[in-house]
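One structure is given below, encoded as C-alpha cells.
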Amino acid sequence: MTKVTTGATMSLDGYIADASHGGFEYLFQWYENGDVETPTADPELTFRTSATSARHLRALTERTGALVVGRRLFDITSGWGGRHPLDVPVVVVTHSVPEGWAPENDSFVFVTDGIESAIARAKAIAGDKEVGVNGGTIAAQVVEAGLLDEVHVDLVPVLLGAGIPLFADLKIAPLQLDGPFSVVEGDGVTHLAYRVRPAA
Ligand SMILES: NC(=O)c1ccc[n+]([C@@H]2O[C@H](COP(=O)([O-])OP(=O)(O)OC[C@H]3O[C@@H](n4cnc5c(N)ncnc54)[C@H](OP(=O)(O)O)[C@@H]3O)[C@@H](O)[C@H]2O)c1
C-alpha cells in the first residue's frame with residue numbers, strides 16, 4: 001500500500017507560510033545552520049544542516065516517490081526550474097494546465113479533476129514509495145477525503161502570528177492524531193511524526 005503523508009516546516013504557532021506578515025525566512029534557517037551537506041536535484045541548492053537533520057532529510061528523500069502540491073506553489077516556484085529538488089515527479093492540483101506546459105511529462109502531471117484523482121495518480125507514480133502532500137489547503141483536502149496516513153512536522157521555535165496553517169480551512173476538526181511516533185531533535189528544529197487515525 002502506498003503511504004500518503006504530509007510534511008512541512010511549521011512555526012510554533014502552527015503556520016507553514018506567511019506571505020503577508022513576513023518572517024517566513026525564519027522557518028527555513030535550519031536548512032542552513034549546520035555543516036553536513038545534503039545535495040538536491042538542483043545543483044545550486046545544497047542543504048547544510050546538523051548531522052541529525054541531514055539524516056532526516058536523507059530518509060525523506062529515499063522514501064518519497066511523488067509529491068502532490070497546489071497550483072499556487074507551482075506558480076511561486078516557477079515549477080522549480082523544471083524539476084523538484086527531491087528529484088521526484090510532482091502532481092499539481094489545478095483548475096487548468098498552465099500555459100506553455102504539457103498536461104504531463106516526467107517531472108509534472110497537472111490534474112484538473114480534483115484531489116482524489118491527484119492522489120490516485122501520485123500513488124501510481126510512487127509505487128512502493130510514499131506520496132508527499134504539501135500543507136495548507138491540499139493537506140486539508142486529503143485528510144478530509146480520508147486519504148492521509150501520516151503528518152510530519154519540522155517544528156521551528158518562531159512565532160509568526162498569522163499566515164497559512166498546516167491544515168487550512170479544515171472541515172472535519174477536531175481530528176485527533178496518534179503519536180508522536182517519532183521525535184528527532186535537530187538544531188533549531190524538532191522533527192515530529194504522527195499517524196492519522198483511520199475512520200471508525
Ligand atoms: N513551510 C513549508 O514547509 C512549506 C513548504 C512548501 C510550501 N509551503 C507553502 O504552502 C502553501 C500552499 O501551497 P500549495 O500551492 O501547495 O497549496 P494552495 O496554496 O492551497 O494551492 C491553491 C491553488 O491550487 C489549486 N487547487 C487547490 N485545490 C484544488 C482542487 N481541489 N481542484 C482544483 N484546483 C485546486 C487552485 O489553483 P487554480 O485555481 O489556480 O488552479 C488553488 O488556488 C504555499 O503558500 C507555500 O509557500 C510551505
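Nothing in this text is a laboratory measurement; each read-out follows from the coordinates by a stated rule. This one's a predicted model, so the numbers in the text were calculated from it and none came from an experiment. No Cβ is skipped: glycine too gets one built from the backbone with ideal geometry, and neighbour counts run over all protein chains shown.
Evaluated at q = 0.13 Å⁻¹, a Debye calculation over the C-alpha positions of segment 121-200 (equal weights, vacuum) places log10 I(q)/I(0) at -0.48. Other residues with beta-carbon under 10 Å from the beta-carbon of T6 carry, at +1 per Lys or Arg and -1 per Asp or Glu, a net charge of -2. Restricting the calculation to Cα atoms, every distinct pair contributes to the Kirkwood radius of the chain, found to be 17.3 Å. When every Cα-Cα distance of segment 37-95 is counted in 10 angstrom steps from zero, the calculated P(r) takes the values 21, 47, 28, 3, 0 percent. Taking other C-beta atoms within 10 angstrom as a stand-in for reagent exposure, Y15, Y31 fall in the order Y31, Y15, fewest first.
Residue order for T137, T77, fewest other beta carbons within 10 angstrom first, comes to T77, T137.
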